[in-house]
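The values are calculated or read from the model by the stated rules, or taken from the named source; none is laboratory data. These numbers come from a predicted model, not from an experiment. As a convention, Cβ positions derive from the backbone with ideal geometry for all residues, glycine included, and neighbour counts pool all protein chains shown.
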Amino acid sequence: LGLVAIAVVGVVSSGALVRGLLAGVFGLLIASVGFDDATGVHRLTFGVDYLWDGIHIVPVVIGLFALPEFFDLIVSDVPIARRTEMGQAANASSQRIEGMRAVIRNWLLVFRSAGMGLFVGLLPGIGGSLAQWLSYASARQTVRGGTQTFGTGDIRGVIAPESANNAVDGGQLVPTLFFGVPGSVGMALFLGLLVILGLQPGPQMLNEDLPLTLTIAFSLVLANVFATGIALWFTPLLTRIAFVRPNVLVPLVLAVMTIAAFQANRAIYDLLIMLAFGGLGYFMKTYGWPRPPIIIAIILGSIVERYYGIATGQYGWGIFTRIPVIIIVLIAVGTGFYTVWIQRSVTRNRARQEAEMGSVGTPETPPPAGAESDTPDASPSRPSFVERLRPTASGVFIALLTVAFAYTLWQTYDWSDEAARLPRVVVIAGLVLVGVYAVLHLLFPSSGRRQIMDIGRTVTGDTREVMLRRTAKALGTTGALVAAIWLIGFQIALPAYVFLYLLIFGHVRWWIALFWMVAFLVLIYGFFDLVIYIPWIDPVLGDLLPDILKGKENVQEFLNR
């Protein structure tokens, strides 16, 4: 499974294979943080109790993928959809029909992606995120013109991951019902419900309880059809969100994302993790580093370590001399080389077409900034050797990764052999990849631009000073929100942030800002306190606040008192 993950990293990192592998190694390193259940060793916790359980995937995903997009919205100050497309959004009925026709036209892509989602769903504990990334990356590489159009509004980039996402649930039912092994957290809850009802998952679900099994399967199909109908009904309303001004949309969505990140462990560290990976994600988005490999590695990290430990514990290092393992290794390595070969062929063909047409690129879909390829390119405008020695942002990032890998390698000698087995292999692989990256950068530079699975930053005609000022605003306001939550708590900081941001930067009328502030107050006190009773963090300045504002009692307790 770990070797298959390496092959997957090669697919989703096409055009930046070494960077993608480095990102995947970094993700495996993140997955190793925490208390090792098998040995009782605390790995890379730095004395912080929060890290005992590892780094939760939710704040990482929000920080790595959601925050950079909102930073980009603030910096570019351009809505998600252009005003020239408002007419298309207004004609929602015809657009919905066109969308359904697009699905029918791409029926082969639908079935291929659904099959991929079904296969991933059959593997317990992996979840649907991997299926979506796999199907998107596969579609981007295989459909006509996908490398140029995916990420710019190509409907096929939506059809592929959604087809896989819908198929994952059906695949996860198989190990859950027939083997009693839940395929995800949701299926674990479903399995518990079956046990409570007196049903025993296993072979009997295909014999005595076959009618119930068929009912569950058809219910899943009907649920998808029902959800599709609801989505089509609300499509006209949802499409208008894309035309909202960034400084109006950002505070509302960021407030919701902050609450979502906090639900991981309900600690202030969740928000700090979100901020840290938000900065990392924005850097990777700007300078052309693939982000999906980090998430794939974190998702698979615990599974890789568990079965790697079992395999090496039973067979030792001789596991790598067994024929099935050798075959899988060859398949994984072959996939990586095939990806590089395909990408270089696409790059050469694109360069030839642009030379014939006298074109230098497509301004509508600018590539990520700071992009130099991991593979040699025959471009005549290569930088000189002296220019390659100059420090760059990616060079600084590589240096930080080197320090992290070296520090972890040094720490592994204080751990038991079992606890250090996989982290040591991971960091050694990371150091080797750093060396490969340095050699490629110094000896085989390229002025060509990569086509990675990312649309990069939005390019505008604003001056550098304006962009820097907006970047400072994006980072400063987000950091101020987290600091305010730490000081005075969610109950005050979040509604106040929404009100002030809308009033100062959104330039909306005061009563609109007040409306949204009250809406978040109702969400916090009416839903999270009265319905699900969330334990909020204890703010630093809590002694200066009444109990209801610092989260030590909910609304019902306050009213009773």
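Couple of notes before you dig in:
- Residues in the range 197-252 that are loosely packed, with under 15 Cβ neighbours inside 10 Å and of a type in the set (Ser, Thr, Tyr) were compared, and the one that is farthest from residue 76 (Cα to Cα) is 215.
- Yes/no for residue 209 being touching a residue at least 24 places away in the same chain (Cβ under 8 Å) and of a type in the set (Asp, Glu): no
- Selection of first residues in the range 218-229 that are closer than 18 Å to residue 118 by Cα and of second residues that are modelled with pLDDT under 85, restricted to Cβ pairs under 8 Å at least 6 apart or on distinct chains, gives the following pairs, ordered by first then second residue: 220/169; 220/170; 220/173; 224/166.
- Of all the criteria given as (1) in a helix (DSSP H, G or I); (2) at pLDDT below 75; (3) in contact with a helix residue (DSSP H, G or I) (Cβ under 9 Å, 6 or more places away or on another chain), the one not satisfied by residue 195 is (3).
- Selection count where residues are among the β-branched types (Val, Ile, Thr) and within 20 Å of residue 35 (Cα to Cα), scope the range 298-323: 5
- A count restricted to the range 19-59 and to residues that are in contact (Cβ under 8 Å) with a residue 24 or more places away in the chain and in a strand (DSSP E or B) stands at 1.
- Check on residue 282, surrounded by fewer than 23 Cβ atoms within 10 Å (Cβ to Cβ), assigned to a helix (DSSP H, G or I) and at negative phi: no
- Residue selected from the range 1-28 under the condition hydrophobic (A, V, I, L, M, F, W, C) and more than 21 Å from residue 288 (Cβ to Cβ), by the criterion modelled with the lowest pLDDT: 1
- The single condition among (1) closer than 21 Å to residue 68 by Cβ; (2) at pLDDT below 90; (3) in a helix (DSSP H, G or I) that residue 479 does not meet is (2).
- Residue check for residue 450: modelled with pLDDT under 90, out of contact with any Leu (no Cβ under 7 Å at 6 or more places or on another chain) and under 26 Å from residue 71 (Cα atoms): yes
- In the condition set (1) crowded, with 17+ Cβ neighbours inside 10 Å; (2) closer than 19 Å to residue 267 by Cβ; (3) modelled with pLDDT of 90 or more, residue 505 is compliant with all but (2).
- Within the range 122-146, tally of residues that are farther than 21 Å from residue 305 by Cβ and modelled with pLDDT under 70: 1
- Top-ranked residue of the range 179-192 - restricted to ones that are within 12 Å of residue 122 (Cα to Cα) and either at pLDDT 80 or above or small (Gly, Ala, Ser) (or both), ranked as nearest to the chain's Cα centre (by Cα): 184
- Residue in the range 72-83 that is within 30 Å of residue 33 (Cβ to Cβ), in a helix (DSSP H, G or I) and modelled with pLDDT of 85 or more present: yes
- Among the residues of the range 305-316, those identified as under 25 Å from the mean Cα position of the chain (by Cα) and within 17 Å of residue 326 (Cα to Cα) are 307, 308.
Here's the yes/no breakdown for (1) in a helix (DSSP H, G or I); (2) touching an Asp or Glu at 6+ places or on another chain (Cβ under 8 Å); (3) on the phi < 0 side of the Ramachandran plot; (4) not charged (D, E, K, R):
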position: 487; (1), (2), (3), (4): yes, no, yes, yes
position: 497; (1), (2), (3), (4): yes, no, yes, yes
position: 508; (1), (2), (3), (4): no, no, yes, yes
position: 511; (1), (2), (3), (4): yes, no, yes, yes
position: 518; (1), (2), (3), (4): yes, no, yes, yes
position: 523; (1), (2), (3), (4): yes, no, yes, yes
position: 538; (1), (2), (3), (4): no, no, yes, no
